[in-house]
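The structure appears below as structure tokens.
The values are calculated or read from the model by the stated rules, or taken from the named source; none is laboratory data. Bear in mind the structure is a predicted one, so any value in this text is a computation, not a measurement. No Cβ is skipped: glycine too gets one built from the backbone with ideal geometry, and neighbour counts run over all protein chains shown. Accessible surface areas use protein heavy atoms only, side chains included; no ligands, DNA or RNA. Shrake-Rupley method; radii C 1.70, N 1.55, O 1.52, S 1.80 Å.
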Amino acid sequence: MFAFGRDGFLPRALAAIHPRFHTPHVAIITYTVLATALALSGTFERLAILANSTVLFLYFLCAIAAAVLQRRDVRAGGEPFRLPAGALLPGLACLAVAWIFVRTVSARELLAVVIVVAVVTGAYALRARHLRAQRLPE
């Protein structure tokens with residue numbers, strides 16, 4: 001939350017640093033309140049499924065990113081990492097993650113994940129548009 005606030009993706013107040021302790025106190029308090037609300041709102045099983053479905057979604061995105069980075073020949077320094085069989089392995093990884101996701105997540109939990117992804121994607125798009133508008137010369 002601190003980094004998102006610092007980078008402008010969340011409210012800048014989350015990047016506030018405590019003058020005495022030099023910690024991101026607003027981000028810590030916000031995270032604590034959100035985690036407590038989630039912990040009190042459901043059963044442990046439901047929270048574990050939601051957490052695991054979120055991790056599965058991140059694995060899915062990482063597999064897609066691996067294929068895109070290889071296709072674009074992105075290099076951080078030296079020779080880029082080459083996946084055997086090109087985009088086949090990330091594609092198989094995406095299929096495996098999707099299969100696990102569908103087999104373990106209920107329709108209600110799937111809806112929650114879809115809503116969160118939609119909200120985050122919308123927020124990202126708005127932020128990107130705002131940043132592009134700031135960069136345009138007047």
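See the values below:
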item: Number of the exception - residue 81 against (1) at pLDDT below 85; (2) of a type in the set (Phe, Trp, Tyr); (3) within 19 Å of residue 111 (Cα to Cα); result: (3)
item: Residue match in region 77-84 (condition: part of a helix (DSSP H, G or I) and either touching a residue at least 40 places away in the same chain (Cβ under 8 Å) or open to solvent by 90 Å² or more (accessible area, probe 1.4 Å) (or both)); result: no
item: Residue pairs meeting the criteria (Cβ under 9 Å; at least 6 apart or on separate chains; first closer than 11 Å to residue 49 by Cβ, in region 101-112; second polar (S, T, N, Q) and open to solvent by less than 40 Å² (accessible area, probe 1.4 Å)); result: 101/53; 104/53; 105/53; 109/53; 110/53; 112/53
item: Out of 97, 117, 74, 105, sole residue that is on the phi < 0 side of the Ramachandran plot, of a type in the set (A, V, I, L, M), at pLDDT below 80 and open to solvent by less than 50 Å² (accessible area, probe 1.4 Å); result: 105
item: Among residues of region 12-28, those that are surrounded by 13 or more Cβ atoms within 10 Å (Cβ to Cβ) and either under 23 Å from the mean Cα position of the chain (by Cα) or touching a residue at least 60 places away in the same chain (Cβ under 8 Å) (or both), counted; result: 8
item: Residues (farther than 19 Å from residue 4 by Cα and β-branched (Val, Ile, Thr)) located in region 108-134; result: 113, 114, 115
item: Pair list, Cβ under 7 Å, 6 or more apart: region 30-48 residue without any contact (Cβ under 8 Å) to a residue 60 or more places away in the chain and farther than 28 Å from residue 11 by Cα, other residue part of a helix (DSSP H, G or I) and not polar (S, T, N, Q); result: none
item: Given (1) open to solvent by less than 90 Å² (accessible area, probe 1.4 Å); (2) assigned to a helix (DSSP H, G or I); (3) touching a helix residue (DSSP H, G or I) at 6+ places or on another chain (Cβ under 6 Å), number of the condition residue 59 does not satisfy; result: (1)
item: Region 1-21: number of residues that are part of a loop (DSSP other than H, G, I, E, B) and more than 19 Å from residue 128 (Cα to Cα); result: 6
item: Test: residue in region 44-53 that is β-branched (Val, Ile, Thr) and assigned to a helix (DSSP H, G or I); result: yes
